[in-house]
């Protein structure tokens, strides 16, 4: 990606709009990292290549390069039944840059960094993004990564519980220089984490720059973001600087705004729209990569924190435990957390 941080109006190129008129589920993005010449502003550059997930199996969808250098595509017929094999393909990313949250009561004054990428992006590329371009290992290496999951639209922490959670989370983060990972949305436990980060946020000097001391990463399904079209670059060769308004009201079965207290966003596109499912497997794989010893991983311990939550949160815990990621259950927050806490309390350990 180019690193020019000029403010740009964002809209999708004609080629992207044309594809979406035909396909009920639109494009997935592919990201490859390239070394940037400007050492002051590192970012990921989009690959110039287009890779179809079904190359060699699908004759109905092909790409070619015209004389003017623009890519053209043969689109599946509207009469065809929708299939991920024929209606999804990986393309260079068209959404990356920084987000300034313009709500008076939401988010930090400093922009958050973001990038759109596919759900099958190599974890090694994401770790390179973290370390070499977003500089998340600077100025101090994190000793822990805290991944938070739990209740979404019906979750609330009030009064003493909220104060206790906020104080405990921020204390743990500051004492270990921990990263926080959430689903990145402005709703439920993700919003509660954002509010805690807002209260505890502080600034540190990184070389010649001042950055936020608490790094809060949102791993978000692209198809579930409200006003996601605002995040698409007008020029895919130019680093976007987006002004984004958070919609506080959340409607049932409707898309949700990003949370303005997060510092970085991975916008994960699996090709589907208006659904939240499917992101947990990607996030768990990322957590495992963060935890894996160097040089394959970052060697940072990861713990999953469960507050309240329903079936999807319990499944997320299952995924984590299968990858040997420890789970901390916050009893008293309700639903799934209380169920697991009760089950643990009733467990009998028999001598071998």
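In what sequence do 133, 202 fall when counting other Cβ within 10 Å, fewest first?
Least crowded to most crowded, the residues run 202, 133.
Taking the Cα centroid of the range 211-255 and of the range 112-173, what is the distance between the two, rounded to the nearest whole Å?
16 Å
Rank the residues 252, 140 as a footprinting-exposure proxy: fewest other Cβ atoms within 10 Å of their Cβ go first.
Fewest-to-most ranking of 252, 140: 252, 140.
When you count, for each residue, the other Cβ atoms within 10 Å and take the mean per peptide, how do 188-198, 326-336, 93-103 rank with the highest first?
Averaged packing, sorted descending, gives the order 188-198, 93-103, 326-336.
When the convex hull of the C-alpha atoms of the range 96-175 is computed, what volume per residue in Å³ does it have?
Each residue corresponds to 165 Å³ of Cα convex hull volume.
Can you pull the Rg over Rh of the range 92-345, Cα-only, Kirkwood?
My calculation puts Rg/Rh at 0.93.
Once you place label points 7 Å from the Cα toward the Cβ at residue 294 and residue 144, how far apart are they in nm?
Once both label points are built, they end up 2.1 nm from each other.
Express in nm, to one decimal, how much length is gained between residue 206 and residue 249 on full extension, taking 0.36 nm for each residue of separation and deducting their alpha carbon distance.
11.9 nm
Taking 2.2 N^0.38 Å as the expected size of a compact globular protein, what ratio does the Cα radius of gyration of the range 240-308 give against it, to two decimals?
Dividing the Cα Rg of the range 240-308 by 2.2 N^0.38 Å gives 1.41.
Neighbouring Cβ atoms within 10 Å as the yardstick, rank 226, 116 fewest first.
226, 116
Along Cα→Cβ, 7 Å out, is where each label goes; now give me the distance between the ones at residue 109 and residue 347 in nm to one decimal.
Those two pseudo-labels are separated by 4.8 nm.
Which whole-number percent gives the relative contact order of the range 205-261, counting Cα pairs below 8 Å spaced six or more residues apart?
It comes to 34 percent, rounded to a whole number.
Once label points are set 7 Å from the Cα along Cα→Cβ at both residue 163 and residue 83, what is their separation, rounded to one decimal in nm?
The two pseudo-label positions are separated by 6.1 nm.
What is the range 92-345's relative contact order, in percent, from Cα pairs under 8 angstrom and six or more apart in sequence?
26 percent
So if each residue of separation counts as 0.36 nm, and I subtract the Cα-Cα distance between residue 135 and residue 122, what length gain in nm does that give?
2.8 nm
Laboratory data are not the source of any read-out in this text; all were calculated from the coordinates shown. Quantities reported herein were computed from a predicted structural model and do not represent experimental measurements. Backbone-built Cβ (ideal geometry, glycine too); neighbour counts: all protein chains shown.
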